[in-house]
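The values are calculated or read from the model by the stated rules, or taken from the named source; none is laboratory data. Worth saying up front: this structure is predicted, and the values here are computed from it rather than measured. Note that we place each Cβ from the backbone using ideal geometry, even for glycine, and neighbour counts take in every protein chain shown. Calculation scope for accessible area: heavy atoms of the full protein, side chains included, ligands and nucleic acids excluded. Shrake-Rupley method; radii C 1.70, N 1.55, O 1.52, S 1.80 Å.
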Amino acid sequence: MPGPFHINTPLVESVGMSRRLGTTVYLKMESSQPSGSFKIRGIGHLCQQMAMQSKGIVCSSGGNAGMAAAHVARTMGLPATIVVPSSSPPLVVQKLQDQGATVKITGEVWDEANTEALRLTETEGLTYVPPFDHPLLWEGHSSVITEIAASMGRKQKPGAVVVSVGGGGLLCGVAQGLRGVGWEDVPIVTMETVGADCFNAAVKAGTIVTLEAITSEAKCLGAKTVCRKAFQYSQSTEQAIISELVTDQQALHAVETFLDEERVLVELACGAALAAVYSGVIQRLQDEGRLPRPLGYLVVIVCGGSSINREQLANLQKKIPRPT
Ligand code: PLV
């Protein structure tokens, strides 16, 4: 069986973040994965289980799931069709083509691209690779926590883990991973941007809701409906999940600060998680008594993302107004 396709990523302290928070902050550098994000963990695992006899795969994506699927398919010698919405920047389309994938642009948001991917699954007999809603994806993503536990030792629990949420696949993997290593009492802080906040909307409503539109520039967080499993985790009393929002401005500021301080360029989707520290969300949660102080150490999953370069960053800087 080919794979695993992902690598064991660095777990490094961010001195700048630790200084701000007054607590040690570790970055789990998923931005270093082949294909540029954590997605390869779950998608690699799913393809190992489901695509061995396949005549090709089809994946609907805001970008990064597609990048992971294209990478895995190329390594397995399978053709890949990636369906992206028109909101994905040309940079993503180019990178997918560089990986040898056929790219189809359908609809304005991921949900519409997904309908087309499901249609192709039926008509072309391709193996469907979902970007966030599948138990094999969550199982694959859970290795991010297993690695942290192996590095730190199981007795050294983090005080909290910070993740970005789009459709909720990473959250499910992290929740499953924490349970797997006996860290089920470690709170998860979930970060979304306003306008790509389907998880927060579901938590507030107490039921799964579908957003009318995606108005955030963090297009890779732009699923209109969160997956059922993520919502179920939010309802469980076993594990605290704290759902928080930041603005696009705060996510962009986090991307810029991270680039300056850590010298790594990540997407706005990842900036949302970084803003948990840079915009004082964790400190506020401690002030409110929702997270303990002291916290032990904090882990931020640096989910990464490939739809960013200097030009795309400049575009975002033009589009997203500065705070006045
Ligand atoms: N992006 C998905 C879903 O898009 C995709 O198709 O690539 N951080 C980054 C850099 C991401 O690309 C994503 C998801 C997330 C975080 C959130 O992960 P999720 O969807 O598992 O919650 C619409």
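Against the chain, whose longest principal axis comes from its Cα atoms, helix 110-124 is set at around 30 degrees.
Could you state the orientation-averaged shadow area of the convex hull built on the Cα atoms of segment 149-269, in nm² to one decimal?
Answer in nm², one decimal: 7.7.
Run the reach check for K104 against aspartates and glutamates, Cα to Cα strictly under 15 Å, same-chain hits fewer than 8 apart removed. What comes back? Excluding near neighbours in sequence, the set is E112, E116, E124. Cross-link reach is defined here as a Cα-Cα straight distance under 24 Å, omitting same-chain residues fewer than 8 places apart; for K204 the lysines meeting it are K219, K224, K229.
Relative to the longest principal axis of the chain, what angle (0 to 90°, nearest 10) does the C-alpha long axis of helix 268-278 take? Taking Cα atoms only, the helix is inclined about 10 degrees. Kirkwood radius for segment 129-174, taken over all pairs of different Cα atoms as the inverse mean of 1/r, rounds to 11.3 Å. Taking the Kirkwood radius as Rh and the Cα radius of gyration as Rg, segment 81-129 has a ratio of Rg/Rh equal to 0.97.
According to the Cα gyration tensor, what semi-axes, each the square root of 5 times an eigenvalue, does the equivalent ellipsoid of segment 1-139 have, listed from largest to smallest in whole Å?
29, 18, 13
If I fit a long axis through the Cα atoms of helix 143-152 and take the longest principal axis of the Cα atoms of the chain, what angle between them do I get, 0 to 90°, rounded to 10? For 143-152 against the chain, the angle is about 40 degrees. Across q = 0.16 Å⁻¹, segment 82-179 modelled as identical point scatterers on its alpha-carbon atoms has Debye log10 I(q)/I(0) values of -0.82, in the order of the q list. The stretch between Q317 and D287, if pulled fully straight at 0.36 nm per residue, gains 7.7 nm over its current Cα-Cα span. If I model segment 220-288 as equal point scatterers sitting on the Cα atoms and use the Debye formula, what is log10 I(q)/I(0) at q = 0.11, 0.21, 0.22, 0.27 Å⁻¹? Scattering profile of segment 220-288, log10 relative to I(0): -0.34, -0.96, -0.99, -1.12. Sorting 33-46, 77-90 by average packing, meaning the other beta carbons within 10 Å per residue, from highest down gives 33-46, 77-90.
Rounded to two decimals, what is the ratio between the C-alpha radius of gyration of the chain and 2.2 N^0.38 Å?
Expressed relative to 2.2 N^0.38 Å, the Cα Rg reads 0.92.
Take segment 1-155 with all the other protein chains still there, run a 1.4 Å probe, and you get 41 Å² of accessible area per residue. From the largest down, segment 175-215 spans 38, 19, 13 angstrom on the principal axes of its Cα atoms. For segment 133-212, the calculated P(r) over all alpha carbon pairs, in 5 Å bins from 0 to the bin holding the longest distance, is 3, 16, 23, 22, 17, 11, 5, 2, 0 percent. Computing FRET efficiency as 1/(1 + (r/R0)^6) for E108 and T237, where r is the C-beta to C-beta distance and R0 is 41 Å, gives about 0.60. Taking the 1.4 Å solvent-accessible surface of the chain as the whole, the part contributed by carbon and sulfur is 50%. Accessible surface for segment 204-310, divided over its residues, is 41 Å² per residue with a 1.4 Å probe.
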